[in-house]
Amino acid sequence: LQKILILLQVTLSVVVGKTLMILFPNAMKRYILKMGEKSRMNRNPKFSYENWGPTFFSFKYLQFVLKVKWKRLEDEAYEGHPAPNTPVVTLGGEVRHLLDFMKDNRPLILNFGSCT
């Protein structure tokens, strides 16, 4: 049921977005560029709007957003339930799953941090 609701929501937003891009291309370009400022996409001079702007609200965009949103459904954690087996990338670049690191009945400790 959750996947159907997500499908309907994303499809509706893509249809509305695509329609607005056709009817009001300049206004939508300004809107998309404003969104790009938040993610700092606009700061790379080699990554111009013409390279990525028209891909918004395309069929591939729809597929990507659905894939991400559906994957997030599997990654939800609930108290008292098993932990989600989320994919992670090792320092060597290998894709593994979180629960691959479990050893017997020992607790798995995750340490989030950064080195700069």
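Estimated at 0.36 nm per residue, the fully extended path between Asn85 and Ser58 surpasses their Cα-Cα distance by 6.7 nm.
Relative contact order of segment 1-78, please, whole-number percent, based on alpha carbon pairs below 8 angstrom and at least 6 residues apart. Mind dumping the intermediate values first?
Working: 30 pairs, mean separation 33.0, N = 78.
After rounding, I find 42 percent.
Show Leu73, Leu91 ordered by accessible area, largest first, where the area counts protein heavy atoms only and the probe is 1.4 Å.
Working: Leu73 45, Leu91 190 Å².
Per-residue accessible area, sorted high to low, gives Leu91, Leu73.
So if R0 is 25 Å, what FRET efficiency would Asn105 and Gln2 give, r being the distance between their Cβ atoms, rounded to the nearest 0.05? Each step should come with its number before you reach the end.
Details: r = 32 Å, r/R0 = 1.28.
For R0 = 25 Å, the calculated efficiency reads 0.20.
After finding the eigenvalues of the alpha carbon gyration tensor for segment 1-106, what semi-axes result from the square roots of 5 times each, listed largest first in whole Å?
Values: eigenvalues 251, 81, 22 Å².
Here the semi-axes work out to 35, 20, 10 Å.
Rounded to the nearest 10 square angstrom, His81 shows an accessible area of 120 square angstrom against a 1.4 Å probe.
Dividing the helix sum by the residues of the chain, where each DSSP H run of 4 or more adds -39500 (n - 2.57), gives a mean residue ellipticity at 222 nm of -15500 deg cm²/dmol.
Annotation: amide H of Val88 within the under-5 Å range of Arg96, His97, Leu98, sequence separation 5 or more or interchain, hydrogens built in the peptide plane. Probing with 1.4 Å while keeping every protein chain in the model, the per residue accessible area of the chain equals 86 Å².
Just checking the listed ones, Val16, Val68, Val95: in the Gaussian network model of the chain with Cα springs under 10 Å, the one fluctuating most is Val95.
Probe radius 1.4 Å, ligands and nucleic acids ignored: give me the carbon and sulfur share of the accessible area of the chain as a rounded percent. Before the final figure, lay out the partial values.
On the way: 6070 of 9960 Å².
It is 61 percent, rounded to a whole number.
The values are calculated or read from the model by the stated rules, or taken from the named source; none is laboratory data. The structure presented is a predicted model; accordingly, all values stated were derived computationally and were not measured. Positions of Cβ are generated from backbone atoms using ideal geometry, with glycine treated the same way; all protein chains shown enter the neighbour counts. These accessible areas exclude ligands, DNA and RNA; they are computed on the full protein's heavy atoms, side chains included. Shrake-Rupley method; radii C 1.70, N 1.55, O 1.52, S 1.80 Å.
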